[in-house]
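The values are calculated or read from the model by the stated rules, or taken from the named source; none is laboratory data. The structure presented is a predicted model; accordingly, all values stated were derived computationally and were not measured. Counting neighbours? That spans all protein chains shown, and the Cβs are built from the backbone with ideal geometry, glycine included.
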Ligand SMILES: Nc1ncnc2c1ncn2[C@@H]1O[C@H](COP(=O)(O)OP(=O)(O)OP(=O)(O)O)[C@@H](O)[C@H]1O
Ligand SMILES: [Mg+2]
């Protein structure tokens, strides 16, 4: 079943066409890879699907319903979560509080712009739903084996753990569909290996995963299907095996890796 699809999605910034007439499909239950050279339009496609940016033309459908141009907050509440290429944690909040922020998005307390930090602090300590939320947040921290670090400030975590914490926060919104933008960026081989098994465990929970990743070993190992962007266009899609031997892909991307 197709969980999410874009049709002829285009995003132009003045003369730069970052994403050009992209048809992209996400099959429920699979791990989908989105690859392509730097500047190919991968992050822009994620942003236009998850409501951080609005397409110039084209559509996005999720569970059969059009969501084109909806706000990031409402798309998140429909069950689509994401992480960012550059880590976006609340560095001065604790590990636990960071995950509880994700939980609040699900429950529907919408933080006010500008007063974000103080509002966060106050509604985290609301008391009423606090116990349930804490329990949920701790559950996700345990999933990532970060439970013992729950009271640590996010900024004090090693880099690999910060990346995992961002995923934990996204999962706390209880998504059906999770977008990860270069989750292994900056990780050492051991951390990357660990991340691979974590992503498989996320899929085993019934969550559909889409990931942008430059680490070819990771992509080829865990993706069921891969879509390749080049200069904003969808140039190929298929299994890792098919993608590996696709001449267009080799020329656009993998060829460059070998040089
Ligand atoms: N807000 C913006 N304004 C103008 N141009 C932009 C904007 N966002 C992205 N672009 C341009 O759109 C193109 C695609 O960028 P994008 O970040 O989506 O690429 P990417 O595939 O994620 O690359 P990378 O692998 O380096 O992260 C690039 O040429 C980029 O400079
Ligand atoms: Mg990017």
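Comparison of 165, 211 shows that the only residue that is within 26 Å of residue 104 (Cβ to Cβ), touching a residue at least 60 places away in the same chain (Cβ under 8 Å) and not in a helix (DSSP H, G or I) is 211.
With the requirement that a residue be within 16 Å of ligand 1 (Cβ to nearest atom) and either crowded, with 21+ Cβ neighbours inside 10 Å or modelled with pLDDT of 95 or more (or both), what does the stretch 74-98 give you? Spell out how you get there, then give the answer.
So the first thing to find is which residues in the stretch 74-98 are within 16 Å of ligand 1 (Cβ to nearest atom), and the list is 82-88.
Answer for the stretch 74-98, where residues must be within 16 Å of ligand 1 (Cβ to nearest atom) and either crowded, with 21+ Cβ neighbours inside 10 Å or modelled with pLDDT of 95 or more (or both): 82, 83.
Considering only the stretch 33-54, state which residues are near ligand 1 (Cβ under 6 Å from one of its atoms), touching a strand residue (DSSP E or B) at 6+ places or on another chain (Cβ under 9 Å) and over 11 Å from residue 11 (Cβ atoms).
36, 39, 40, 42
In this structure, does residue 12 turn out to be assigned by TED's automatic domain parsing to the domain that holds residue 251, buried (at least 22 other Cβ atoms within 10 Å of the Cβ), at pLDDT 95 or above and closer than 29 Å to residue 248 by Cβ? So residue 12 does not fit the description; no. Scanning the stretch 166-185 for residues that are assigned by TED's automatic domain parsing to the domain that holds residue 97 and within 16 Å of ligand 2 (Cβ to nearest atom) gives a single hit, 166.
Filtering the stretch 144-154 to residues that are touching a helix residue (DSSP H, G or I) at 6+ places or on another chain (Cβ under 7 Å) and assigned to a helix (DSSP H, G or I) leaves 147, 149, 154. Scanning the stretch 214-239 for residues that are under 19 Å from residue 29 (Cβ atoms), touching a residue at least 60 places away in the same chain (Cβ under 8 Å) and outside any strand (DSSP E or B), we see that the one that is nearest to ligand 2 (Cβ to nearest atom) is 219.
The criterion of at least 3 residues that are touching a residue at least 40 places away in the same chain (Cβ under 8 Å) is met by the following helices (runs of 4 or more DSSP H) wholly inside the stretch 1-112: 42-49, 95-107.
Going through (1) within 16 Å of ligand 1 (Cβ to nearest atom); (2) surrounded by 17 or more Cβ atoms within 10 Å (Cβ to Cβ); (3) modelled with pLDDT under 95 one by one, residue 182 falls short only on (3). For the stretch 35-73, the tally of residues that are exposed (fewer than 15 other Cβ atoms within 10 Å of the Cβ), more than 11 Å from ligand 2 (Cβ to nearest atom) and within 21 Å of residue 226 (Cα to Cα) stands at 1.
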